[in-house]
Amino acid sequence: MAAPHLSDLDVLKKDLRRKMAERCTMASPVDEEALRYFLLKEILAQPVQKIAAVWPLAGEVDLRPLCHVLSESGRQVLLPETTPKGSPLIFRRWTPSTSMTAGRFGTSHPQGDIDVPDLVLVPFLAFDRFGYRLGYGGGYYDRTLAVLNVPAIGFGFAGQQIDAVPTGPYDIPLKTIVTECGVIRTNPH
């Protein structure tokens, strides 16, 4: 069986993912706390009740403290379940007492009921000033955002910003990105 042919865009993104993964090191606890502070402030300023967050993988921003604060504030926290390739994510309700289950690609998701978020928090390996992000390569968030049509906030560290993320026809720019330095309103072109 022949290997599938990768487009120039696929190769470019794959190389950038490798470069950004090597460049991304564990952030300091102070930087993570600052990022969560700005993210919480941005979420609470919006008229949303059901927020889709993420359970961290190794080396990712840990949003678990944010999930607890949101839950305590009366907001509903939803966490993604990684679906089969080519499908949008589904989100399950989470509370501090909800049991977590192992998912695909080393992820974890709650055993709670499936629900639809009002706002989606989107992780990335890299981002640019236009709001484009480089994800992990599965296309899950672009497919999910296209189907849900709800506001989304990208989150990560200032050091993950690059001049221009290579984009394809299905890449959806984010209007808001939050880093440890504050909130960035993007300028889609």
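Here the range 57-83 is the region considered, the condition is being open to solvent by less than 30 Å² (accessible area, probe 1.4 Å) and touching an Asp or Glu at 6+ places or on another chain (Cβ under 8 Å), and the residue that is modelled with the highest pLDDT is LEU78.
Summed over the range 110-142, residues that are open to solvent by 10 Å² or more (accessible area, probe 1.4 Å), farther than 15 Å from LEU174 by Cβ and of a type outside the set (Gly, Ala, Ser) total 7. Out of PRO173, PRO169, one residue alone is crowded, with 16+ Cβ neighbours inside 10 Å and either small (Gly, Ala, Ser) or over 22 Å from ASP115 (Cα atoms) (or both). It is PRO173. Look at the range 65-84: where a residue is within 18 Å of PRO123 (Cα to Cα) and in contact (Cβ under 8 Å) with a residue 40 or more places away in the chain and a partner is open to solvent by less than 20 Å² (accessible area, probe 1.4 Å) and part of a helix (DSSP H, G or I), sitting 6+ places away or on another chain with Cβ atoms under 9 Å, you get PRO80/THR144. Among the residues of the range 50-82, the ones that are over 15 Å from the mean Cα position of the chain (by Cα) and not in a strand (DSSP E or B) come to 9 in all. Of all the listed residues (TYR170, TYR132), the sole one being within 15 Å of the chain's Cα centre (by Cα) and not polar (S, T, N, Q) is TYR132. The residues in the range 161-189 that are modelled with pLDDT of 90 or more and in a loop (DSSP other than H, G, I, E, B) can be counted, and the count is 10. Among the conditions (1) of a type outside the set (D, E, K, R); (2) at negative phi; (3) surrounded by fewer than 18 Cβ atoms within 10 Å (Cβ to Cβ), the only one that PHE105 does not satisfy is (2). Among residues of the range 34-55 that are over 13 Å from HIS68 (Cα atoms) and open to solvent by 30 Å² or more (accessible area, probe 1.4 Å), those with a beta-carbon under 6 Å from a residue that is of a type in the set (S, T, N, Q) and not in a helix (DSSP H, G or I) at least six positions away or on a different chain give the pairs GLN49/GLN76; LYS50/GLN76. Only residues that are in a helix (DSSP H, G or I) and either within 14 Å of ILE162 (Cα to Cα) or at pLDDT 75 or above (or both): list them for the range 19-35, please. Within the range 19-35, LYS19, MET20, ALA21, ARG23, PRO29, VAL30, ASP31, GLU32, GLU33, ALA34, LEU35 qualify.
The values are calculated or read from the model by the stated rules, or taken from the named source; none is laboratory data. What you see is a predicted model; the values in this text were computed from it and never measured. Glycine also receives a Cβ, built like all others from the backbone with ideal geometry; neighbour counts cover every protein chain displayed. To get the accessible areas, we keep the full protein, side chains included, count just its heavy atoms, and leave off ligands, DNA and RNA. Shrake-Rupley method; radii C 1.70, N 1.55, O 1.52, S 1.80 Å.
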